[in-house]
Amino acid sequence: MELLFYAVPLLMITLFGFAAFLLVRRARRISRTWQQGLTAEARCLRAYTTTRGGGGDSSVYTTLHHVYEFTTREGRTVRFDEENGPATVLEGDFVTVRYLPECPQRATALPPSRGKLALGTGCGLAFLGVATSFCIGFMIVAHTMFTEFTSPLP
């Protein structure tokens with residue numbers, strides 16, 4: 001039984017660590033694309049929204065998506081979908097995209113905003129750190145309680 005009080009928090013800590021890794025990797029990729037990426041003119045082919053939540057008393061979250069298409073300098077046509085773009089971009093609009101030559105399918109139409117990227121990444125990492133600390137604290141309390149109740153009485 002007490003194994004459960006160690007295994008579940010350790011699994012959660014592992015998942016939090018993996019989420020932190022993905023968060024930092026995404027931020028580094030976007031930052032590198034903004035700094036070293038090539039630019040191209042892209043056309044917005046489609047703008048649509050997705051929703052999640054809304055069951056019972058929960059809130060509804062809407063995410064705006066844009067589908068862009070551009071041609072790389074090598075002449076390759078690339079189409080990609082991006083979330084949370086500006087609501088002012090409509091179907092048929094032309095925007096500037098940035099992409100890395102080795103992976104143009106990961107292009108971005110978001111304008112460079114290093115402060116916003118750093119703030120978002122920092123808040124995400126802080127949240128994951130607090131969650132990890134909670135799991136560690138839970139394991140310490142559980143260990144203390146199990147050793148206190150299983151130790152022989154004097």
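The values are calculated or read from the model by the stated rules, or taken from the named source; none is laboratory data. Since we're looking at a predicted model, the values are computed, not measured. Note that we place each Cβ from the backbone using ideal geometry, even for glycine, and neighbour counts take in every protein chain shown.
Only one of Arg79, Arg43, Arg106, Arg98 is farther than 30 Å from Ile136 by Cα, at pLDDT below 95 and either in a loop (DSSP other than H, G, I, E, B) or basic (Lys, Arg) (or both). Can you tell me which?
Arg106
Just to be sure before I move on: is Gly54 modelled with pLDDT under 95, surrounded by 10 or more Cβ atoms within 10 Å (Cβ to Cβ) and either within 12 Å of Thr108 (Cα to Cα) or not basic (Lys, Arg) (or both) in the structure I sent?
The answer is yes for Gly54.
Which one of the conditions (1) in a loop (DSSP other than H, G, I, E, B); (2) surrounded by 15 or more Cβ atoms within 10 Å (Cβ to Cβ); (3) free of Cβ contacts under 8 Å to residues at least 40 places away in the same chain does Leu64 fail to meet, given that it meets all the rest?
(1)
Checking the condition of a type in the set (A, V, I, L, M), within 20 Å of Leu23 (Cβ to Cβ) and either in contact (Cβ under 8 Å) with a residue 40 or more places away in the chain or loosely packed, with under 11 Cβ neighbours inside 10 Å (or both), which residue from Leu119, Leu100 passes?
From the options Leu119, Leu100, the qualifying one is Leu100.
Examine region 106-121 for a residue that is over 19 Å from the mean Cα position of the chain (by Cα) and farther than 24 Å from Thr49 by Cβ, and state whether such a residue exists.
No: zero hits.
Give region 82-95 a look and list any residue that's part of a loop (DSSP other than H, G, I, E, B), on the phi < 0 side of the Ramachandran plot and under 17 Å from the mean Cα position of the chain (by Cα), or say none.
The one that is part of a loop (DSSP other than H, G, I, E, B), on the phi < 0 side of the Ramachandran plot and under 17 Å from the mean Cα position of the chain (by Cα): Gly85.
Please work out if Arg46 is basic (Lys, Arg) and either more than 26 Å from Thr132 (Cα to Cα) or touching a helix residue (DSSP H, G or I) at 6+ places or on another chain (Cβ under 8 Å) (or both).
yes
Based on this model, can you work out whether Thr14 counts as at pLDDT 95 or above and over 19 Å from the mean Cα position of the chain (by Cα)?
Here the answer is no, as Thr14 does not meet what is asked.
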